[in-house]
Amino acid sequence: MDGGRPVGTDGYDFAYRMTIEDRYKRAAEGRVALRRLVSVQALLQILKATWACLGALNGDTPNIELVTSCAFGGAAVLLGTLGIKGGAKLLRFYILLTMIAVVLSLVPFASGNYIGKWKDNWEYLQVTGDYQRILYLSLEGLLELIGILLQLVAVLTAFSFMKNVTHRKKRD
């Protein structure tokens, strides 16, 4: 070098470099946020599976929506973990499976299953004073609602992350 400025650093590409640098910064922040959300989602799926097993051990009929939601949610966690490192295709499957898990979690609320069971058990509580069933149903519903909100936030974060990671195609 003759002591002058290296090629490509004459200042004309400053705006482009700042745009690219900002995109990488947002992608790194999105990766960290998504990794945290997927970790919390994994913890939630373990908690839901444990809850389903405890219900079965107490003699309750297994909630098929809860079990299938756990299965899709668990697969989504696996794909999300791989997709953070892998690429956009795995993240698309992660989003799809997470949305299926959300829909399955919403079914008992939409059909009135939780509310109907809660009312029946509330009447049982009034007669017997046994609060265990009503507490069990309340905690199960709360767990499902928290899971739905968490998974929706994870899907939005995954969309944002994919937008910052994928390369934009140039149009001629």
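The values are calculated or read from the model by the stated rules, or taken from the named source; none is laboratory data. Computed from a predicted model, the values in this text were never measured in an experiment. Note that each Cβ is placed from the backbone with ideal geometry, even for glycine, and that neighbours are counted across all protein chains shown.
Please identify the pairs in which a residue from the stretch 32-51 that is crowded, with 21+ Cβ neighbours inside 10 Å has its Cβ atom under 9 Å from the Cβ atom of a residue that is among the aromatic types (Phe, Trp, Tyr), counting only partners at least 6 apart or on another chain.
34/161; 38/94
Could you count how many residues in the stretch 119-164 are free of Cβ contacts under 8 Å to residues at least 12 places away in the same chain and either among the polar types (S, T, N, Q) or farther than 21 Å from residue 43 by Cα (or both)?
14
Please state which one of 143, 104 is at pLDDT below 90, buried (at least 16 other Cβ atoms within 10 Å of the Cβ) and in contact with a Leu (Cβ under 9 Å, 6 or more places away or on another chain).
After ruling out the rest, the residue left standing is 143.
Could you list, in sequence order, all residues of the stretch 26-62 that are acidic (Asp, Glu) and at pLDDT 85 or above? Walk me through it before giving the result.
Keep residues of the stretch 26-62 that are acidic (Asp, Glu), which gives 29, 60.
Of everything in the stretch 26-62, just one residue is acidic (Asp, Glu) and at pLDDT 85 or above, namely 29.
For the stretch 46-140, which fully contained helices (runs of 4 or more DSSP H) count at least 3 residues that are among the aliphatic types (A, V, I, L, M), closer than 30 Å to residue 158 by Cα and under 23 Å from the mean Cα position of the chain (by Cα)? Walk me through it before giving the result.
Working: elements: 64-85, 88-110, 113-128.
Fully inside the stretch 46-140 and qualifying: 64-85, 88-110.
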